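Asks: First the structure, then my questions, so here it is.
Quick note: the coordinates plus some simple rules give every number you see, no bench work behind them. Values in this document were obtained by computation on a predicted structure and should not be read as measured data. Every residue, glycine among them, receives a Cβ derived from its backbone with ideal geometry; neighbour counts consider all protein chains shown.
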Amino acid sequence: MIVLNTADYTAEVYVDAVLLVNFIMDFFILWATGKLVGLRYRLFRLVSGAVLGALYSLVVFFPENTLLASFIAKVICSMAMVLISYAPLTKATFIRTMGYLYVVSFAMGGAVIAAIYLTDRTPGSIQVWNGAAVLTGTFNYMWLTIGLGVAILLGYSGIMYLRKNWIQQSLISEVVVCLMGHRTSLLALLDTGNQLVEPVSNLPVVVVEARSMQQQLPENIWNAVTGGDDIKIPELASQLDPRWSARLRMIPFNSVGRSHGLMLGLRPDYIEIRNKKGTTRINGAVIGLVNRVLSKEGKYEALLHPQLVQDSY
């Protein structure tokens, strides 16, 4: 036990408790960080990183204003913990890992402090000594358990959320539809479940929200798509300029709650698919217009047929 004295208060700090609590917290912080970044870990290396963090916590016993308690020293220590636990890392991965390390640390520390103030009925306070928080009162290990619960929750649920969004983002491309000389840029999701083809030409179909192309569509086509009634191609074609009527297609489809449906399609001049690999121009495709929102979050406005992107990913 070591006694910390200031002009205002005296605090008794147990070295073994400081080491144990900080080791456990640092271990789970490093573990949750690795989960969020998607890093593989070895138990021995995580333990080693947590041991370093626990040993650094003993800075509380050093004289005040020591260099070891400075902001730079704390950053260097956290960087060393990450490298011990997960090196080698690329520069980008290292920066991302450091960011998540602090996010998890703040979340876990905040959970512990909230638990203290919500559940502690005994007089006590949190003081700062040499850059470290010191609880003047009895430490309840339930508070530590709550903090660990937050780290575990972040490690498991957080990685599922991030992976879902990362996978979805990696499957989203910019698609430019050129129709009658007018170009419309859309965000499109590669949908492996989209197996729609135009029955006559057997061309793959890109399903597109009609509203995203409203400015390029003749009023008759827009009304046909949004009218809600069965579309009659001969009647619609008779109302259109021949250049548009020649592009009309009817695409049979089945969906949940609806079988033997018909979707109005148009043959564009061409489409372009743009992603990290570059730009691919495709002449053989049909766009199918739907009067609904494809992504509630607004992340994309079209669904790509996998046949169109087999060489683009």
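Asks: Can you figure out the FRET efficiency of K74 with S185, using R₀ = 30 Å and their beta-carbon distance, to the nearest 0.05?
Replies: Efficiency at R0 = 30 Å is approximately 0.05.
Asks: Placing +1 on the Cβ of each Lys and Arg and -1 on the Cβ of each Asp and Glu in the range 171-308, which of W244, C178, L262 has its Cα farthest towards the positive end of the resulting dipole?
Replies: Toward the positive end, the furthest listed residue is C178.
Asks: Let me ask something additional. Peptides 84-93, 206-215, 22-31, 295-304: what's the order by average Cβ count within 10 Å, highest mean first?
Replies: Answer by packing, highest mean first, reads 22-31, 206-215, 295-304, 84-93.
Asks: While we're looking at this one, here's another question. Calculate the dipole size of the range 171-308 relative to its Cα centre from +1 charges on Lys and Arg beta carbons and -1 charges on Asp and Glu beta carbons; express the result in debye to the nearest 20.
Replies: With Lys and Arg at +1 and Asp and Glu at -1, about 360 debye.
Asks: Rank these for me by crowding, T226, T33, T192, T184, going from fewest to most other beta carbons within 10 Å.
Replies: In order of increasing Cβ crowding within 10 Å: T192, T226, T184, T33.
Asks: Compute the label zone of Q307 within the range 189-233: residues whose backbone N is under 19 Å from the point 7 Å along Cα-to-Cβ.
Replies: Correct set: 189-208.
Asks: Taking 45 Å as R0, compute the FRET efficiency from the Cβ-Cβ separation of A246 and T93 and round it to 0.05.
Replies: Once rounded, the FRET efficiency stands at 0.30.
Asks: With a 10 Å radius around each residue's Cβ, average the other Cβ atoms per peptide and rank 263-275, 35-47, highest first.
Replies: Values: 263-275: 19.5, 35-47: 15.0.
With the highest mean Cβ count within 10 Å placed first, the list reads 263-275, 35-47.
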